[in-house]
Amino acid sequence: GRIEGTIEPGGSDWSLTRDDGTGTVSATYPIRTTDGTVLTIDNRGSVSSEDGALLGLTSIRIEAPVEGPWAFLNDTPVVGSLRPVPEDGRLVIHLKFYTVDAATP
C-alpha cells in the first residue's frame, strides 16, 4: 500500500559532500497520514552522479504509534531512492520507498 499524508512542520534535513564528490543526506520529518496518524520518518543515504544525473539510495526508518494500523512499520525494513529534479527554478526531491521482505529458505 501507500502512505498518503502531509509533511508537518518540525522536520530537518541536511546534506554534506565528501571529498570524492558523493553527497550524504539525512532527513527526519513527521508525516500526518490521511487518517490523522503522525509517523516519524528518518531517511539517510548517499547521492552520486550517474551519467550526469543525480541519484540517491537511502534507508528509511519509520516510527509509528505502537497500536493502530501503522504499527507494522516499526519493524518493516524500508529502502528508497531519491532523485533531485529542477522544477520552476527550484530543486524538488522525488522519493520512492520500497519495503524489503526477508528471504525464506
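For this structure, a couple of remarks:
- Accessible surface of the chain, 1.4 Å probe, proportion on carbon and sulfur as whole %: 52 percent
- The heavy atoms of Ser15 present about 80 square angstrom of accessible area, all protein chains included, probe 1.4 Å.
- Taking θ as phi - 60° and the Karplus parameters 6.51, -1.76 and 1.60, the scalar couplings of segment 58-66 work out to 9, 10, 10, 10, 10, 9, 10, x, 5 Hz in sequence order, x denoting glycine and proline.
- Working note: Karplus 6.51/-1.76/1.60 with θ = phi - 60° gives segment 14-20 the couplings 7, 9, 10, 10, 6, 4, 7 Hz, where Gly and Pro are set to x.
- Of the GluC sites (Glu not before Pro) found in segment 14-77, those that fall in a DSSP loop while having at most 16 other beta-carbon atoms within 10 Å are Glu67.
- The trypsin sites (Lys or Arg not before Pro) of segment 1-62 that DSSP puts in a loop, and whose beta carbon has at most 12 other beta carbons within 10 Å, are Arg2, Arg18.
- Heavy-atom SASA rank of Asp13, Asp88, Asp42 (probe 1.4 Å, accessible area, largest first): Asp88, Asp13, Asp42
- Both numbers refer to the Cα atoms of segment 43-104; Rg and Dmax are 14.8, 47 Å.
- Alpha-carbon spread of the chain, three principal axes, descending order, Å: 43, 42, 22
- The chain, dipole about Cα centre (Lys/Arg Cβ +1, Asp/Glu Cβ -1), debye to the nearest 20: 40 debye
- Probe 1.4 Å, protein heavy atoms only - accessible area per residue of the chain in square angstrom: 72 Å²
The values are calculated or read from the model by the stated rules, or taken from the named source; none is laboratory data. Since we're looking at a predicted model, the values are computed, not measured. Note: ideal-geometry Cβ built from the backbone for every residue, glycine included; neighbour counts use all protein chains shown. With ligands, DNA and RNA removed, areas are computed over all heavy atoms of the protein, side chains included. Shrake-Rupley method; radii C 1.70, N 1.55, O 1.52, S 1.80 Å.
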